[in-house]
Amino acid sequence: MLRLFTAMMHQTFSQEPFLVSGLHGDQIMGARSNQQDSFSILAGEDALVLVLADGMGGYTGGELASRAAVEGCSRAFERKSGLPGERMKAAVTAANEQVWSARKKRGEDDEMGTTLVAAWIGADGLRWVSVGDSLLLLIREEKMFLLNELHQYSAELERMADEGIISREEALSHPARHSLTSALMGKEVPLVDLREECFPLFPGDRVLVASDGVGPYLDSLGPAGMRYLSMLSAEELVRSVLDGINRDGAPNQDNATLICAEIARA
């Protein structure tokens with residue numbers, strides 16, 4: 001059975017089977033007037049699951065959609081037993097159905113929807129499922145890696161550039177570059193990135209789950225900045241990143257949510 005922690009997560013979590021020595025999650029509003037990111041952290045005997053959704057669809061539509069997705073996903077993980085892959089598939093289905101229920105209650109906002117990423121950390125390593133462009137990242141040996149596939153039009157633009165249909169400059173400057181090509185909207189989900197095979201984790205790794213409002217700040221950090229983050233505890237890392245985003249004060253800063261799981265050192 002998984003236990004559910006919702007909203008802000010300010011304490012660390014430690015349990016030997018998961019090799020997790022620290023865990024922290026938090027979020028900021030950025031320059032937005034409401035919070036459209038939602039997240040939860042679930043812990044059980046066989047896994048630790050980090051869930052995050054970034055909503056879209058008007059002033060309150062995104063907030064409702066992301067909350068519905070996280071609630072549906074988390075309840076599915078709590079209820080269903082079986083292999084991780086089966087549970088992750090069921091969680092996406094439940095999240096999508098919950099978004100549909102939220103949309104029907106409103107009776108409006110046809111574009112109301114949300115991204116979703118769920119990272120499953122077990123004794124043997126990491127698995128994940130994601131829809132949209134929320135991020136699953138790994139910091140290892142002072143370098144950061146993107147693990148999940150981002151469902152953005154940028155992938156199609158890069159393919160077109162590789163084939164010579166458009167130039168690389170056109171691909172990078174295209175106004176629809178960051179448009180989503182998949183999201184949970186209560187309809188058929190076009191694309192799902194599901195990793196059922198175990199991805200190994202090593203001592204000192206940091207697993208990050210983040211909304212896209214965190215991405216530009218992390219991308220701006222050079223080798224020295226990444227070296228600094230790799231030395232921090234989970235709580236210190238989350239606070240450092242979110243404080244840095246606040247300090248930068250970008251006028252169009254999106255909501256930013258970050259969860260960090262620190263893999264125990266030997």
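The values are calculated or read from the model by the stated rules, or taken from the named source; none is laboratory data. Note that the structure is predicted; figures quoted are calculated from it, not measured. Virtual Cβ from ideal backbone geometry, glycine too; neighbours counted across all protein chains shown. These accessible areas exclude ligands, DNA and RNA; they are computed on the full protein's heavy atoms, side chains included. Shrake-Rupley method; radii C 1.70, N 1.55, O 1.52, S 1.80 Å.
Distance from the Cα centroid of region 14-78 to that of region 197-217 is 14 Å (rounded to whole angstrom). Across G62, G25, G244, mean-square fluctuation computed from a Gaussian network of the chain (C-alpha pairs under 10 Å connected) peaks at G244.
Accessible surface computed residue by residue for the chain, with neighbouring protein chains in place and a 1.4 Å probe, gives 46 Å² per residue.
Compactness of region 129-186 was expressed as the Cα radius of gyration divided by 2.2 N^0.38 Å, which yields 1.32.
Our Cα-only numbers for region 35-88 put the radius of gyration and Dmax at 12.5, 39 Å. Principal axis analysis of the Cα atoms in the chain yields extents of 49, 44, 39 Å, listed in decreasing size.
Here the scattering of region 121-239 is modelled by Debye summation over its C-alpha atoms, one equal scatterer each and no solvent; at q = 0.19 Å⁻¹ the log10 of I(q)/I(0) is -1.15.
Can you list which of the GluC sites (Glu not before Pro) found in region 35-143 are DSSP loop residues with at most 12 other C-beta atoms within 10 Å?
Those satisfying the criteria are E45, E108, E141.
What the phi angles of region 233-239 give under the Karplus curve with 6.51, -1.76 and 1.60, with θ = phi - 60°, is a coupling list of 6, 4, 5, 5, 5, 4, 5 Hz, glycine and proline written as x.
Derived scalar couplings between HN and Hα for region 20-26 equal 9, 9, x, 8, 7, x, 6 Hz in order, rounded to whole Hz, by the Karplus curve 6.51 cos²θ - 1.76 cosθ + 1.60 (θ = phi - 60°), x for Gly and Pro. Any idea what log10 I(q)/I(0) is at q = 0.13, 0.15, 0.22 Å⁻¹ for region 179-266, Debye with uniform C-alpha scatterers and no solvent? Normalising to I(0) and taking log10 leaves -0.58, -0.74, -1.14. The helix-based estimate of mean residue ellipticity at 222 nm for the chain, built from -39,500 (n - 2.57) per DSSP H run of four or more residues and divided by its residue count, is -10500 deg cm²/dmol to the nearest 500.
Comparing S74, S230, S40 in a Gaussian network model of the chain (Cα springs below 10 Å), the most mobile by mean-square fluctuation is S230.
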